[in-house]
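Worksheet: the structure to be examined is printed underneath.
The values are calculated or read from the model by the stated rules, or taken from the named source; none is laboratory data. All values reported here derive from a predicted model rather than from experimental measurement. Backbone-built Cβ (ideal geometry, glycine too); neighbour counts: all protein chains shown.
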Amino acid sequence: MPGFEIPRHVAIIMDGNGRWAAARGLPRGEGHRRGVEALRKTVRAAGEMGISILTIFSFSAENWSRPASEIRDLMGLLRRFIRNDLAELHQNGVKVRVIGAREDLDPEIRKLLEEAEDLTHGNDGLTLVVAFNYGARQEIARAAARIAAEVQAGRMEPSDVTADHIGQCLDAPDLPDPDLIIRTSGEQRLSNFLLWQAAYSELVFVPTYWPDFDREALETAIAEYHRRERRFGGLIARTGS
Ligand code: FPP
């Protein structure tokens, strides 16, 4: 356990499964399977470390452009993750939330995601936010469409639209913005992940491929976060959001 205050909300772009597999002469699917093991370890560590919210980028709105076999693999892994791990997550007090465009998903996957949310709804341990079929621009566009409908219905004026109002129309408006966003695999970009919510997040990029990520890697990223000075556009550093 690190000897300092830990961020309330950590979000992770789990990248590098394919490269991890290629480096070992294994199929990409094997990298994703090992990625699920890293996810299990990370969820457990996050809960034990006292992180309140962990958001994971599990399937992006752009991942549909991958080969059909890889999409099938990823959907299969999500199905198995929920079927095999939901009971344990629930037992450990984890509350599952899902963000992204779920109406475009296969009805069976949608049902599993809803089951996970419903079963764990009353839990008060770690909140695990699964970003699935998620893209930040699409999320912001959905919010804009909701606001446009309100204006069209005469329930608000265009001049009433504020940043707070847009934030309230996003997929999980009750959750605080991430304090820390970690991306594995050495890539240094957000790739359409939480673009609105990342306005003041600290970004930490680590060279580790996702399947090798573990508690120690999480602690190292949090230690880096603690070396940053968060000013939120002002002059005096403060922590949390
Ligand atoms: C990036 O690796 C990872 C993904 C596209 C998906 C992340 C998925 C998992 C960790 C496993 C699935 C978990 C659930 C709950 C569905 P990449 O394939 O982009 O790696 P590369 O950039 O090295 O090719």
Query raised in the report: Going through the range 185-205 one residue at a time, which ones are farther than 30 Å from Ala163 by Cβ and crowded, with 20+ Cβ neighbours inside 10 Å?
Result: Ser185
Query raised in the report: Can you name the condition, by its number, that Glu139 falls short on among (1) of a type in the set (D, E, K, R); (2) loosely packed, with under 15 Cβ neighbours inside 10 Å; (3) not in a loop (DSSP other than H, G, I, E, B)?
Result: (2)
Query raised in the report: What's the number of the condition Pro158 fails, among (1) within 16 Å of the ligand (Cβ to nearest atom); (2) exposed (fewer than 11 other Cβ atoms within 10 Å of the Cβ); (3) not small (Gly, Ala, Ser)?
Result: (1)
**Report entry** Failed criterion for Ile82 (all others in (1) under 25 Å from His226 (Cβ atoms); (2) out of contact with any Phe, Trp or Tyr (no Cβ under 6 Å at 6 or more places or on another chain); (3) within 9 Å of the ligand (Cβ to nearest atom) hold)
**Finding:** (1)
Requested in this report: Go through the range 51-71 residue by residue and tally those that are touching a Phe, Trp or Tyr at 6+ places or on another chain (Cβ under 7 Å) and near the ligand (Cβ under 8 Å from one of its atoms).
Outcome: 4
Query raised in the report: Which is within 16 Å of the ligand (Cβ to nearest atom), in a helix (DSSP H, G or I) and at pLDDT 95 or above, of Leu112, Leu194?
Result: Leu112
Report task. Could you check, for the range 101-109, whether at least one of its residues is within 16 Å of the ligand (Cβ to nearest atom) and in contact (Cβ under 8 Å) with a residue 40 or more places away in the chain? Result -> yes
Report task. Go through the residues of the range 209-221 one by one and say whether even a single one is of a type outside the set (Lys, Arg), surrounded by 11 or more Cβ atoms within 10 Å (Cβ to Cβ), away from the ligand (no atom under 16 Å from the Cβ) and in a loop (DSSP other than H, G, I, E, B). Result -> no
